[in-house]
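The values are calculated or read from the model by the stated rules, or taken from the named source; none is laboratory data. Small disclaimer: the values here were computed from a predicted structure and weren't measured. Cβ coordinates were reconstructed from backbone atoms using ideal geometry, including for glycine residues, and neighbour counts include every protein chain displayed. With ligands, DNA and RNA removed, areas are computed over all heavy atoms of the protein, side chains included. Shrake-Rupley method; radii C 1.70, N 1.55, O 1.52, S 1.80 Å.
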Amino acid sequence: MALLPILHYPDPRLHTRASPVTVVDESIRQLVSDLEETMRAAEGIGLAATQVNVHKRVIVLDISEDQQHLQVFINPRLISSDGQVEREEGCLSVPGIYDRVTRADRVVVEALDRDGRPFTVQAEGLLATCIQHEMDHLEGKVFVEYLSQLKLNRIRTKLRKRARETL
Ligand code: K1U
Ligand code: ZN
């Protein structure tokens, strides 16, 4: 396993649209392990391959209390969505910024697991929010882009300043 560096907003590579995985082989399973290790080290509850500059449609999530229930989504596809809920979100690519975003409250998603087997999940609550947040990463979209232009400009300025200070 390897710890991978996480891209930070406004890195333009976060706006890359990820390509579908054609074969779920050992290299994809290695990527899944690396994403898991990186997510756990950063104390996140999700991570998309885009965030580590790998532009393949792979997501890992673990919203469980004991952090022992990894969920892997390869080539996730939204089948249906229902309801609306506003929830506070954070992002390992936008450290220290939290804000409320409105998304569907329930989603049905199809994907492949780490053995390449298709499965369907019906998600609600935090899991539904997290799946939508991570699927957005695969489309090159970061959650702060749902906020007002004013908030977005403030966040960009703050993060650029912070990046300069850590040089
Ligand atoms: O960077 C990421 O995509 C991971 C992100 C997942 C996420 C959290 C909350 C709502 C939507 C998506 C994080 O893990 S941020 C850090 C975190 O653990 C967290 C932040 C806010 C609420 C709950 C957890
Ligand atoms: Zn994120």
task: Take the alpha carbon atoms of segment 85-158, find their center, do the same for segment 1-52, and report the distance between the two centers in whole angstrom.
output: 15
- prompt: Taking only Cα atoms, what is the 0 to 90° angle, nearest 10, from helix 149-165's long axis to the longest principal axis of the chain?
  reply: 80
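Listed highest first by mean packing, meaning other Cβ atoms within 10 Å per residue, what order do 51-64, 150-163, 9-22, 98-111 come in? Display every interim value, and only then the final one.
Working: 51-64: 20.9, 150-163: 13.1, 9-22: 14.9, 98-111: 16.6.
Highest-to-lowest ranking by the protection proxy: 51-64, 98-111, 9-22, 150-163.
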field: Per residue, in Å², the accessible surface of segment 12-166 once ligands and nucleic acids are set aside, probe 1.4 Å
entry: 52
task: Enter the accessible area of ILE6 (Å², nearest 10), with the probe set to 1.4 Å and all protein chains included.
output: 40
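Do the sum for the chain: with -39,500 (n - 2.57) for every DSSP H run of n ≥ 4, divided by all residues, what is the mean residue ellipticity at 222 nm, to the nearest 500 deg cm²/dmol?
Working: 3 runs with 47 residues, N = 167.
Computed mean residue ellipticity for the chain: -9500 deg cm²/dmol.
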- prompt: How would MET39, MET1 rank on accessible area, largest to smallest, probe 1.4 Å?
  reply: MET1, MET39
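Starting from the Cα-Cα distance between ARG106 and SER80, subtract it from 0.36 nm times their residue separation and give me the gain in nm to one decimal.
Details: separation 26, 0.36 × 26 = 9.36 nm, distance 0.83 nm.
Gain on stretching ARG106 to SER80: 8.5 nm.
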- line: If unit charges are put on Cβ atoms (+1 for Lys and Arg, -1 for Asp and Glu) and the dipole of segment 12-166 is taken about its Cα centre, the option from VAL101, VAL24, GLN132 lying farthest towards the positive end turns out to be VAL101
Crossing angle, helix 125-138 versus the chain [Cα axis fit, 0-90 degrees, rounded to tens]: 80
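Can you tell me the length gained on complete extension of the stretch MET1 to PHE119, counting 0.36 nm per residue apart and subtracting the Cα distance?
39.9 nm
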